[in-house]
Amino acid sequence: MQTKQLGNSDLTITSLGIGAWAMGGGDWAFGWGPQDDTESIAAIRAGVESGMNWIDTAAVYGLGHSEEVVAKALEGLTPRPYVFTKCARIWGEDRKIGKCLKADSVRAECEASLRRLKVEAIDLYQVHWPEPDEDVEEGWAELSKLRTEGKVRWIGVSNFSVSQMRRAAAIAPITSLQPPYSMVVPDVEKEILPYCLENNIGTLIYSPMKSGLLSGRMTRERVAAMEADGDHRQRTPHFQEPLLTRNLNLVELLREIGARHGKMPGEVAIAWALRHPAVTATIVGLRSPAQLNGTIGAAEWRLTEGEVGEIATFLA
């Protein structure tokens, strides 16, 4: 599997990494519906066996549960993948999610993640969201302290604008940015990806298949059933009309392109994101080992210029 150095770090990571959002389960505000922990653990192990050398999770995924699942999956696992997680989202007994970047909160979140993950140091610790905006500097300064203390190896940001990255970089270097990027949400191409490329900030793209919408396995029936399963995706615009019809038609084009190479629509979507020179790697959400089929083929394969043009013509 192709690898790249992640920004200014000493981490050489594979082009695909294991995303653990859905592994948090369905009993929280941004869950993906019920999830079997046994399947999650098997998915992580299958991903590592296929060559992926990093996992991305967050404290808020399942309100701590995703990190616990990752820890179970890594027990005795060799080779051991890098583990990336995030802070800046908190919750209480009522399970309502809050936003906080105060220094004491960031430190407490880090300590909690270290306990759940059962590691001595987190390979990449990221600010999940730059909220509240006025506390970005305080939160980022605390991440820098955590790195100096050895609790985390490298520090990055997620969902930051260029102006917010500039503010953070004035305090301590940014190793990576994690932005959403897909052919249906390409907004970061305008300013954010060029800024990262110019400033040696690695990019870990999330949702290259737009939360499974471009995987080739999504149907109207599955979307309709999401509400009953407590799946938050049905509430997002791309899973609703009029965008849903447009997106499902786009999947048929991806299916046609993929068929020329023996690839699935999801692999076409991932390869499209990896084509950009600023992209270090993409996060691929897994819920079972079976989902590797339809994603792993993008690790070494790239679209032709003509195929990228076909997709651009459709989107236009």
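A few comments on the model shown:
- Residue check for Gly294: surrounded by 15 or more Cβ atoms within 10 Å (Cβ to Cβ), at positive phi and of a type in the set (Gly, Ala, Ser): yes
- Checked against (1) in contact with a Leu (Cβ under 9 Å, 6 or more places away or on another chain); (2) of a type in the set (Phe, Trp, Tyr); (3) farther than 24 Å from Ile155 by Cβ, Trp32 passes all but a single condition, namely (1).
- So Lys151, is it more than 20 Å from the chain's Cα centre (by Cα), over 21 Å from Asp56 (Cβ atoms) and not hydrophobic (A, V, I, L, M, F, W, C): no
- Taking the criterion of being in a helix (DSSP H, G or I) and of a type in the set (Gly, Ala, Ser), the residues of the range 237-293 that qualify are Gly258, Ala259, Gly266, Ala269, Ala271, Ala273, Ala290.
- Residue list for the range 67-78, filter: in a helix (DSSP H, G or I) and open to solvent by 40 Å² or more (accessible area, probe 1.4 Å): Glu68, Lys72
Yes/no matrix, rows are residues, columns are (1) open to solvent by less than 10 Å² (accessible area, probe 1.4 Å); (2) farther than 22 Å from Thr175 by Cβ; (3) touching a residue at least 40 places away in the same chain (Cβ under 8 Å):
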| site | (1), (2), (3) |
| --- | --- |
| Phe30 | no, yes, yes |
| Thr38 | no, yes, no |
| Ile55 | yes, no, no |
| Leu63 | no, yes, no |
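- Within the option set Glu267, Glu252, Glu241, being modelled with pLDDT of 90 or more and open to solvent by 20 Å² or more (accessible area, probe 1.4 Å) holds for one residue only, Glu252.
- Residues that are hydrophobic (A, V, I, L, M, F, W, C) and within 18 Å of Ser215 (Cβ to Cβ), drawn from the range 277-307: Ile283, Val284, Leu286, Ala290, Leu292, Ile296, Ala298, Ala299, Trp301, Leu303
- Gly24 vs. criteria in contact (Cβ under 8 Å) with a residue 12 or more places away in the chain, closer than 25 Å to Glu267 by Cα and open to solvent by less than 20 Å² (accessible area, probe 1.4 Å): yes
- From the list Ile55, Ile18, the lone residue that is of a type outside the set (S, T, N, Q) and within 18 Å of Gly294 (Cβ to Cβ) is Ile18.
The values are calculated or read from the model by the stated rules, or taken from the named source; none is laboratory data. This structure is a prediction, so every number in the text was calculated from the model and none was measured. Positions of Cβ are generated from backbone atoms using ideal geometry, with glycine treated the same way; all protein chains shown enter the neighbour counts. All accessible areas refer to the heavy atoms of the entire protein, side chains included, with ligands and DNA or RNA removed. Shrake-Rupley method; radii C 1.70, N 1.55, O 1.52, S 1.80 Å.
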